[in-house]
């Protein structure tokens, strides 16, 4: 199954850095959207109902899942790592 992974981050967010490292270690391609560099990304995060970063959106043929915080167990299950 193919996935489209988007992670909303900010530079001062340690869990964001941990999640990006986890993605790299597992060979997962992702699009990073820094909410401090683009106000549209901040608006998207607010629309997703998030109060903090990271927020990860995983899209696949069967739907879309939003993960709040760095939940490696949920990511691992979704991305089958």
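Some observations on this one:
- All told, residue 53 meets the bar of being under 10 Å from the mean Cα position of the chain (by Cα) and part of a loop (DSSP other than H, G, I, E, B).
- Selection count where residues are farther than 21 Å from residue 74 by Cβ and free of Cβ contacts under 8 Å to residues at least 12 places away in the same chain, scope the range 22-49: 7
- Pairing each residue of the range 6-21 that is over 18 Å from residue 37 (Cβ atoms) with any residue that is at pLDDT below 95 and part of a helix (DSSP H, G or I), provided the two are 6+ apart or on different chains, yields C-beta distances under 9 Å for 18/72.
- The range 21-50, residues that are in a strand (DSSP E or B) and either surrounded by 13 or more Cβ atoms within 10 Å (Cβ to Cβ) or touching a helix residue (DSSP H, G or I) at 6+ places or on another chain (Cβ under 9 Å) (or both): 32, 33, 34
- Qualifying residue in the range 2-15 (condition: assigned to a helix (DSSP H, G or I) and at negative phi): yes
- Residue count, the range 1-16 (criterion: surrounded by 12 or more Cβ atoms within 10 Å (Cβ to Cβ) and closer than 15 Å to residue 75 by Cβ): 9
The values are calculated or read from the model by the stated rules, or taken from the named source; none is laboratory data. Please read all numbers here as calculations on a predicted model, not as lab measurements. Methodologically, a virtual Cβ is constructed for each residue, glycine included, from the backbone with ideal geometry; neighbour enumeration extends over all protein chains shown.
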